[in-house]
Amino acid sequence: GVILINTKKGKAGKTRINVEVNQAISKFTSLPKFADAPTFMNMYNEGLTMRGRTPQYSQDEIQKHATNADPDLYPNVDWFREMFNPYGSSNRINLNVRGGSNAATYYISAGYYGELGMFKRDAIQSYNSAIKYNRFNFTSNVNVDVTKTTRLELGVNGFITNGNYPGVGTSTLL
């Protein structure tokens, strides 16, 4: 069997140009309230003592994390804020031109779709670690009535994509 897929075709008449532009912004729908380092350490110690075990963190160590006295040795980092931008974005642009005469019609379309993820990019890296996806697509359909009994139809479609993804899944990154 053969499956034929017909894409948009030209229509006889004056040239019609159609442009469509879409912009979208995305963000996390719901996030839990994250504990800072001192809160986590206190809760962890409480869980250990409730089970009759010795606390892992001393009050002095917890205090050093809380006061941020030495952020290299006693960090209190909001890793979610450090790793993610507040918003991601996507853009879609389509341009198509349609027209022709009784003997020949044309439809030409070009499009772009781009998406930028929410992971932050480290500006000091020598390579681009931004998670992104770009797609460019093109469609061209030209129909010509060569004679009363012969019709020439030429259709060309294609796309080019460029993506930059992490080497592992999001769950592994987190």
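The values are calculated or read from the model by the stated rules, or taken from the named source; none is laboratory data. Here the structure is a predicted model, which is why all the values come from computation and not from measurement. Reconstructed Cβ throughout: ideal geometry from the backbone, glycine too, with neighbour counts over all protein chains shown. These accessible areas exclude ligands, DNA and RNA; they are computed on the full protein's heavy atoms, side chains included. Shrake-Rupley method; radii C 1.70, N 1.55, O 1.52, S 1.80 Å.
Taking segment 1-35 only, how many residues are free of Cβ contacts under 8 Å to residues at least 12 places away in the same chain, surrounded by 10 or more Cβ atoms within 10 Å (Cβ to Cβ) and under 30 Å from residue 155 (Cβ atoms)?
Looking only at segment 1-35, we keep the residues that are free of Cβ contacts under 8 Å to residues at least 12 places away in the same chain, and these are 1-6, 29-30, 32-33, 35.
Subset that is surrounded by 10 or more Cβ atoms within 10 Å (Cβ to Cβ): 35.
From the residues that got through so far, the ones that are under 30 Å from residue 155 (Cβ atoms) too are none.
Matching residues across segment 1-35 total 0.
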Check your understanding: Do we find a residue being in contact with a strand residue (DSSP E or B) (Cβ under 6 Å, 6 or more places away or on another chain), at pLDDT 90 or above and among the aliphatic types (A, V, I, L, M) anywhere in segment 85-95?
Key -> yes
Study note, to complete from the structure: Checked segment 4-56 for anything at pLDDT 90 or above and of a type in the set (Ser, Thr, Tyr); matches are 15, 26, 39, 44, 49, 54
Check your understanding: Which residue pairs have Cβ atoms under 9 Å apart, sit 6 or more places apart or on different chains, and have a first residue in segment 145-174 that is more than 22 Å from residue 114 (Cβ to Cβ) and a second that is among the acidic types (Asp, Glu) and open to solvent by less than 100 Å² (accessible area, probe 1.4 Å)?
Key -> 151/145; 152/145
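Residues checked against (1) part of a strand (DSSP E or B); (2) touching a His at 6+ places or on another chain (Cβ under 6 Å); (3) surrounded by 14 or more Cβ atoms within 10 Å (Cβ to Cβ):
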position: 107; (1), (2), (3): yes, no, yes
position: 126; (1), (2), (3): no, no, no
position: 139; (1), (2), (3): yes, no, yes
position: 144; (1), (2), (3): yes, no, yes
position: 147; (1), (2), (3): no, no, no
position: 152; (1), (2), (3): yes, no, no
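Consider segment 80-102. How many of its residues are touching a residue at least 24 places away in the same chain (Cβ under 8 Å), open to solvent by 80 Å² or more (accessible area, probe 1.4 Å) and over 30 Å from residue 13 (Cα atoms)? So that I can check it myself, show each step before the final result.
Of segment 80-102, the ones touching a residue at least 24 places away in the same chain (Cβ under 8 Å) are 80, 82-102.
From the residues that got through so far, the ones that are open to solvent by 80 Å² or more (accessible area, probe 1.4 Å) too are 82, 86-87, 92, 102.
Keeping just the survivors that are over 30 Å from residue 13 (Cα atoms) gives 82, 86-87.
So the count comes out to 3.
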Practice item. Could you tell me whether residue 119 is in contact with a helix residue (DSSP H, G or I) (Cβ under 7 Å, 6 or more places away or on another chain) and not hydroxyl-bearing (Ser, Thr, Tyr)? Key: yes
**Study point:** Failed criterion for residue 63 (all others in (1) modelled with pLDDT under 90; (2) open to solvent by 70 Å² or more (accessible area, probe 1.4 Å) hold)
**Key:** (1)
Check your understanding: Taking segment 41-60, which residues are under 22 Å from residue 81 (Cβ atoms) and open to solvent by less than 100 Å² (accessible area, probe 1.4 Å)?
Key -> 41, 42, 44
Practice item. Give me a count of the residues in segment 128-137 that are open to solvent by less than 40 Å² (accessible area, probe 1.4 Å) and part of a strand (DSSP E or B). Key: 1
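Looking at segment 47-59, can you tell me whether even one residue there is more than 22 Å from residue 122 (Cβ to Cβ) and touching a residue at least 24 places away in the same chain (Cβ under 8 Å)?
The first filter runs over segment 47-59 and keeps only residues more than 22 Å from residue 122 (Cβ to Cβ), leaving 47-59.
Those left that are additionally touching a residue at least 24 places away in the same chain (Cβ under 8 Å): none.
Checking segment 47-59: not a single residue is more than 22 Å from residue 122 (Cβ to Cβ) and touching a residue at least 24 places away in the same chain (Cβ under 8 Å).
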